1. I'd like the residue in the stretch 94-120 that is under 21 Å from Arg187 (Cα atoms) and among the aliphatic types (A, V, I, L, M) and, out of all such residues, is modelled with the lowest pLDDT.
2. Tell me whether the stretch 140-149 contains one or more residues that are surrounded by fewer than 19 Cβ atoms within 10 Å (Cβ to Cβ), over 23 Å from Ser81 (Cβ atoms) and hydroxyl-bearing (Ser, Thr, Tyr).
3. Could you please give the count of residues in the stretch 128-139 that are crowded, with 22+ Cβ neighbours inside 10 Å and under 17 Å from Asn87 (Cα atoms)?
4. Suppose the filter is modelled with pLDDT of 85 or more, out of contact with any Asp or Glu (no Cβ under 6 Å at 6 or more places or on another chain) and among the β-branched types (Val, Ile, Thr); does Ile125 pass it?
5. Using the structure shown, decide if Leu214 is surrounded by 15 or more Cβ atoms within 10 Å (Cβ to Cβ), modelled with pLDDT of 90 or more and of a type outside the set (S, T, N, Q).
6. Considering (1) part of a helix (DSSP H, G or I); (2) surrounded by fewer than 16 Cβ atoms within 10 Å (Cβ to Cβ); (3) assigned by TED's automatic domain parsing to the domain that holds Ile199, say which one Ala47 fails and leave the rest.
7. Being polar (S, T, N, Q) and more than 19 Å from Arg150 (Cα to Cα) is the filter here; which residues of the stretch 93-135 pass it?
8. Filtering the stretch 58-82 down to residues that are at pLDDT 75 or above and of a type in the set (A, V, I, L, M), which residue is farthest from Lys103 (Cα to Cα)?
Amino acid sequence: MFHFGDRKYLDYQAETVARQVEEVNEIYRTMRGWRHDYHNHLQKLKAHLAMGQIEEAEKYLNELEGSLDSIKVKYTTGNISLDAILNSKLCIAEKEKIRIHCKAEIAESLAIGDIDLCAVIGNLIDNAVESCRKMPKDSERFLRIYLCIRKRQLYINVTNSTSEIVRKLDKEYISNKRGDHGHGLKRIDLVVEKYNGYIRRANEPGVFSTEIMLPL
């Protein structure tokens with residue numbers, strides 16, 4: 001069992017949760033704003049068409065398309081909070097030229113709190129991206145994410161390329177990690193412990209994977 005009373009860790013945990021919640025909120029603020037303006041957009045387009053202003057209507061449609069593209073809702077799972085965290089984090093990973101494969105389909109609402117869910121997925125992706133960044137630029141970098149419901153459990157599997165080789169993946173490995181990576185590992189383990197779940201980490205040549213099961 002982990003006991004982390006250290007102030008730096010608590011500060012990191014608070015900052016991480018706040019950042020991840022803000023990432024979620026930013027995407028959905030944009031989406032809510034777009035939905036609110038939907039009828040106004042239609043009325044403006046109808047007005048242009050009624051006056052035969054085809055070029056003006058096309059220009060306005062192009063502007064709207066650009067606005068939608070900025071939202072980048074590429075990954076959908078059925079869970080709003082998870083959709084937001086995946087889209088914000090994986091957008092960053094793609095900019096790092098990391099090859100992404102994401103397959104996720106879960107229930108709209110889960111027994112697991114949204115903050116805990118976002119903390120686990122967010123930290124898993126952050127750690128995977130950090131590991132990929134450390135690889136030589138000419139190497140193949142990838143990140144695979146798989147989430148589903150299995151026998152009344154949330155199953156999470158995150159696998160990424162790595163140049164790191166770890167012989168022993170235990171509490172000592174987590175404790176020896178420094179900075180955001182170490183804090184992220186601790187946060188993940190705390191959530192798994194909170195829900196009486198299961199976690200397994202594996203490091204094979206060129207690949208690091210984390211498998212988690214959380215009872216629902």
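The values are calculated or read from the model by the stated rules, or taken from the named source; none is laboratory data. Note that this is a predicted model, so its numbers are computed, not measured. Cβ coordinates were reconstructed from backbone atoms using ideal geometry, including for glycine residues, and neighbour counts include every protein chain displayed.
1. Within the stretch 94-120, the first condition is being under 21 Å from Arg187 (Cα atoms), and the residues that meet it are 110-120.
Within this subset, residues satisfying the condition of being among the aliphatic types (A, V, I, L, M) are 110-112, 115, 117, 119-120.
Working: Leu110: 78, Ala111: 83, Ile112: 87, Ile115: 81, Leu117: 88, Ala119: 86, Val120: 92.
Looking at residues that are under 21 Å from Arg187 (Cα atoms) and among the aliphatic types (A, V, I, L, M), I get Leu110.
2. Scanning the stretch 140-149 turns up no residue that is surrounded by fewer than 19 Cβ atoms within 10 Å (Cβ to Cβ), over 23 Å from Ser81 (Cβ atoms) and hydroxyl-bearing (Ser, Thr, Tyr).
3. First pass over the stretch 128-139, keeping only residues crowded, with 22+ Cβ neighbours inside 10 Å: 128, 132.
Applying the additional criterion that residues be under 17 Å from Asn87 (Cα atoms) yields 128.
Result for the stretch 128-139: 1.
4. Spelling it out, Ile125 is indeed modelled with pLDDT of 85 or more, out of contact with any Asp or Glu (no Cβ under 6 Å at 6 or more places or on another chain) and among the β-branched types (Val, Ile, Thr).
5. Working: surrounded by 15 or more Cβ atoms within 10 Å (Cβ to Cβ): yes; modelled with pLDDT of 90 or more: yes; of a type outside the set (S, T, N, Q): yes.
Here the answer is yes, as Leu214 does meet what is asked.
6. For Ala47, the failing item is (3).
7. Filtering the stretch 93-135 for residues polar (S, T, N, Q) gives 109, 123, 127, 131.
Passing the criteria: Asn123, Asn127, Ser131.
8. Here is the first cut: in the stretch 58-82, the residues at pLDDT 75 or above are 58-64, 74-82.
Next, from what is left, pick out any that are of a type in the set (A, V, I, L, M): 61, 64, 80, 82.
Working: Leu61: 31, Leu64: 29, Ile80: 15, Leu82: 12 Å.
Residue satisfying both the conditions and the ranking: Leu61.
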